[in-house]
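A short reminder: the numbers here are calculations on the coordinates, not readings from a lab. No experiment lies behind these values; they were computed from the predicted model shown. Every residue, glycine as well, gets a Cβ built from its backbone with ideal geometry; the counts of neighbours run over all protein chains shown.
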Amino acid sequence: MLLKNCTAVELSPARIVDYTDIRIEGTRIHDSGKVLAPQPGEETVDLSGKIVMPGLVCSHNHFYSGLARGIIADIKPAADFVSNLANLWWTLDRALDEESLYYGGLICCAEAIRAGCTAVVDHHASPSFISGSLDVLKRCFEKTGLRGVECYEATDRNGPEGLEAGIEENRRFALETIKEAGSNPDGRLVEALIGGHAPFTLPDAGLLALADVCGKTKRGFHAHVSEDLFDPSYSHRYYGLDPLKRLDNFGLLTDRTLIAHGLYMTKDELSLLNERKAMIAHNCRSNMNNGVGYNENLKEIDMVCIGTDGIGSDVLEEMKFAYFKHRDARGTLQPADFAGFLQNGNVLLSTCFSDKFGRIAPGYKADLTVFDYHSPTPFEEENLAGHIVFGMSSKDVYSVIVNGEFVYTENGFNSSLERVYRDARKAAGALWKRFNRFTYH
């Protein structure tokens, strides 16, 4: 496929090349340059100057919350963060079954693509349906054409059997991705991380077992850490350690590790995080919604990426919230820094897939987002990040290419989603009824 007359854009470092062509062969970018001649039998798409950039990555999400939007259920009032988890999210995830997970995942994948995402890093939990749950989500990714990185949120909050089953689901699924990587390295869409909920629901035996899975599968660890003050408080009370130090003692903090939130890390933890070259997923809207506070350490963290923590997959909107909240907190980071956070999603993806993402250059994966963005002011490398923060939005998404194929165009998806949304609403209604039968203890 040959994309003609593109405005090729890279976020960090900022780069804009006007009216260039991009040739895609198979799943990769083969070449780019001025006036590339079409080859015999090659599909040619004239983009008339539209912006083409490496695909957007939502670096931390929870597709299990896909059918929670507007939930009508008997939810007990919550006085603090952990009560909110227990009264809402830990009850909802226990009510999930295969049908509700499938339709929630399918809708989340489609809406991520429509928001310009080419990949989502998901952190999953469904304690009543653990074994095979990651396979269901894999089907959703593959059916819609979205790239994904999956893990199961292992935890002891549903007893030792639940912890063991969660660890086993991580192990089983990671081995499946290794097998697929050997047989279909270019065509595969889904990879694995090894997941844990948060240190305060993971005993030492659980961390030891998760570290063993990470080591044997050579996959990174993905967990919530210090989302709320409860996590470090619990860790000091029962283990005498900062949560991140505790993870590091088990070898779980590496250059393949993804930590969600990290609001209340100490200076020692920040140094340790950077020393190990681990990454933090910043989830601004979720932090605001849960009232857990603001991460004032963004400037001190070497590798920050943007996640949504289950509040959709619109990472452009998430990036804007992150920037404005930072400014409201009198932070000194600039739009270009937050554009760099977006770019780091592709760095994370490159680590997970052991491949090249995030550039418009030969050999890189052809995961691309096309924007039909009309600027009333000059669109230059010097102000690119300003356009993203103050101008561009997911409403400007024109088309999305994943693995060298269009998964979304100006005409929408290849097939209608009307029936999927209808079936999802039925599954949501049943899920909400089950919610009222579950109580977390």
key: Spin-label model distance (nm) - Ser393 vs Met288, 7 Å beyond Cα toward Cβ   = 1.4
ask   = Which cross-chain or sequence-distant (5 or more) residues have an amide H under 5 Å from the amide H of Ala281, H modelled 1.01 Å from N in plane?
value = Ile259, Ala260, His261, Cys305
key: J(HN,Hα) series, the range 361-372, from Karplus relation 6.51 cos²θ - 1.76 cosθ + 1.60, nearest Hz, glycine and proline x   = 7, x, x, 7, 4, 7, 9, 9, 10, 10, 10, 9
task = Provide the gained length on full extension for the span Glu418 to Arg69, in nm with one decimal, where the gain is 0.36 nm per separating residue minus the Cα-Cα distance.
result = 123.9 nm
inquiry  = For Glu10, Glu405, which order do you get if you count the other beta carbons within 10 Å of each Cβ and list the fewest first?
reply    = Glu405, Glu10
key: Distance from the range 270-298 to the range 305-337 (C-alpha centre basis), Å   = 11
request  = Return the long-range amide H neighbours of Leu241 (sequence gap of 5 or more, or a different chain), with a cut-off of under 5 Å between placed amide H atoms.
outcome  = His236
3J(HN,Hα) from dihedral phi, the range 140-152, Karplus parametrisation 6.51/-1.76/1.60, rounded to Hz, x for glycine, proline = 5, 4, 6, 5, 8, x, 7, 7, x, 10, 10, 7, 9
ask   = When the Karplus curve 6.51 cos²θ - 1.76 cosθ + 1.60 is applied with θ = phi - 60°, which whole-Hz ³J(HN,Hα) does each residue of the range 312-328 get, with x for Gly and Pro?
value = x, 9, 7, 6, 5, 5, 4, 5, 5, 4, 4, 5, 5, 5, 4, 5, 4
message = Within 10 Å of each candidate Cβ there may be at most 16 other Cβ atoms; applying that plus a DSSP loop requirement, which GluC sites (Glu not before Pro) in the range 313-383 survive?
response = Glu380
request  = Note down the net charge around Glu410, summing +1 for each Lys or Arg and -1 for each Asp or Glu among other residues with Cβ under 13 Å from its Cβ.
outcome  = 0
query = For a label point 7 angstrom out from the Cα of Arg330 toward its Cβ, which stretches of the range 280-296 have the backbone nitrogen within less than 20 Å?
reply = 293-296
request  = Please build a GNM for the chain, connecting alpha carbons under 10 Å apart, and tell me which residue among Gly41, Gly206, Gly363 fluctuates the most.
outcome  = Gly41
inquiry  = Need the full-extension length gain, Arg15 to Thr266, defined as separation in residues times 0.36 nm minus the C-alpha distance. One decimal, nm.
reply    = 86.8 nm
message = Please give the Cα centre distance for the range 168-211 versus the range 365-380, rounded to the nearest Å.
response = 35
message = Need the full-extension length gain, Asp135 to Ala181, defined as separation in residues times 0.36 nm minus the C-alpha distance. One decimal, nm.
response = 15.0 nm
ask   = Where the only charges are on Cβ atoms (+1 Lys, Arg; -1 Asp, Glu), what is the dipole of the chain about its Cα centre, to the nearest 20 debye?
value = 500
ask   = In the Gaussian network model of the chain, springs joining C-alpha atoms below 10 Å, which of Ser415, Ser286, Ser350 carries the largest mean-square fluctuation?
value = Ser415
query = Under 5 Å between amide H atoms, partner at least 5 residues away or on a different chain: which partners does Gly310 have, H built in plane at 1.01 Å?
reply = His62
